[in-house]
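*Asks:* To start, I am sharing the structure in question, which I have written as structure tokens.
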Amino acid sequence: LCFDLRVLFGDGDLGDALGHTISGHLPNERLARILARQGTGIALPLSTFGRIEVEDVDGRTGVDLRTRALQPIVRMARALALDTGFLSSANTFDRLRHVAQSDHPMAARAKDLVPPFTTLVDLHLRGQMQAAEVGEPLSDLLDPDALHKSQQNLLKETLKTVQDAQSAVKKHYGL
């Protein structure tokens, strides 16, 4: 996506010019709605009764944190940031904080998503660091049964907060 563009090499002015061109077309309600749909259309790994749903991938059981927990937040943050015209950073934390400090109708929801995103990133990175330490291949799967009961409860509450945000974003964009 062009608004996630970061110049890594070469003429930075070209990237700045593209960013300026894009910002001239913002806010763009249709595009924001499309991006919001991408973030709200991903089913979180929570059952109707609030239990963590696991899946089997390559003989391992767990929750795909990247796809089923982090990506919904990343995509909702992208939509909300675009809706406010924020193109200065592609970082999800920056986007959420910017929207939270703006006068956007979803500012409170953006603020509410910062702690869950932090928790999910932390759980994801811990699992990857533990795998790297013992020479296992890195994976996005997290086995909730390998977590302490308090961490399982934190994961459930975190996912519920994201689920509530998905509902609010759906309502806001009429999805």
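The values are calculated or read from the model by the stated rules, or taken from the named source; none is laboratory data. It should be emphasised that the depicted structure is a prediction, and the values quoted were computed from it without experimental measurement. All Cβ positions, even for glycine, are placed from backbone atoms using ideal geometry, and neighbour counts span all protein chains on display. Surface areas here come from the heavy atoms of the whole protein model, side chains and all, with no ligands, DNA or RNA. Shrake-Rupley method; radii C 1.70, N 1.55, O 1.52, S 1.80 Å.
*Asks:* How much FRET efficiency would the formula 1/(1 + (r/R0)^6) give for residue 134 and residue 61, where r is the Cβ-Cβ distance and R0 is 25 Å, rounded to 0.05? Intermediate results must be reported in sequence, preceding the final value.
*Replies:* Values: r = 18 Å, r/R0 = 0.73.
Working from the Cβ atoms, E equals 0.85.
*Asks:* Taking the Cβ of residue 138 as the centre, find all other residues whose Cβ is under 14 Å away and add up their charges (Lys, Arg: +1; Asp, Glu: -1).
*Replies:* Working: positive: 60, 66, 126; negative: 58, 64, 133, 136, 140.
Once all neighbours under 14 Å are counted, the net charge is -2.
*Asks:* Specify the residue with the greatest mean-square fluctuation among 11, 164, 94, computed from a Gaussian network of the chain linking alpha-carbon atoms under 10 Å apart.
*Replies:* 11
*Asks:* Would you mind getting the accessible area per residue of the chain, heavy atoms of the protein chains only, 1.4 Å probe, in Å²? Working shown, then result.
*Replies:* Working: 10220 Å² over 175 residues.
For the chain, the solvent-accessible area averages 58 Å² per residue.
*Asks:* What label, among (i) 1.01; (ii) 1.08; (iii) 1.04, belongs to Rg/Rh (Cα atoms, Kirkwood Rh) computed from the structure on display?
*Replies:* Given (i) 1.01; (ii) 1.08; (iii) 1.04, the calculated one carries the label (i).
*Asks:* Determine how many Å³ per residue the convex hull of the Cα atoms of the range 50-139 encloses.
*Replies:* Working: hull volume 10.2 nm³, N = 90.
Cα convex hull per residue, to the nearest whole number: 113 Å³.
*Asks:* Show the residues, 5+ positions off or on another chain, whose built amide H is closer than 5 Å to the amide H of residue 46.
*Replies:* Here 53 satisfy the definition.
*Asks:* I'd like the carbon and sulfur percentage of the solvent accessible area for the range 52-136, probe radius 1.4 Å, heavy atoms only, ligands and nucleic acids excluded. Before the final figure, lay out the partial values.
*Replies:* Values: 1950 of 4280 Å².
With neighbouring chains kept in place, the figure for the range 52-136 is 46 percent.
*Asks:* So if each residue of separation counts as 0.36 nm, and I subtract the Cα-Cα distance between residue 152 and residue 122, what length gain in nm does that give?
*Replies:* Details: separation 30, 0.36 × 30 = 10.80 nm, distance 1.36 nm.
Gain on extension, residue 152 to residue 122, equals 9.4 nm.
*Asks:* How much net charge surrounds residue 169 when only other residues with a Cβ under 13 Å from its Cβ are counted (Lys, Arg +1; Asp, Glu -1)? Display every interim value, and only then the final one.
*Replies:* On the way: positive: 33, 37, 75, 78, 109, 170, 171; negative: 83, 112, 164.
Around residue 169, the charge tally is +4.
*Asks:* Scan the chain and hand back the longest stretch that contains none of the chymotrypsin sites (Phe, Trp or Tyr not before Pro) lying in DSSP loops with at most 14 other Cβ atoms within 10 Å. Don't skip to the end; give the middle numbers.
*Replies:* Numbers: sites that count: 9, 49.
Excluding the exposed sites themselves, the longest stretch runs over 50-175.
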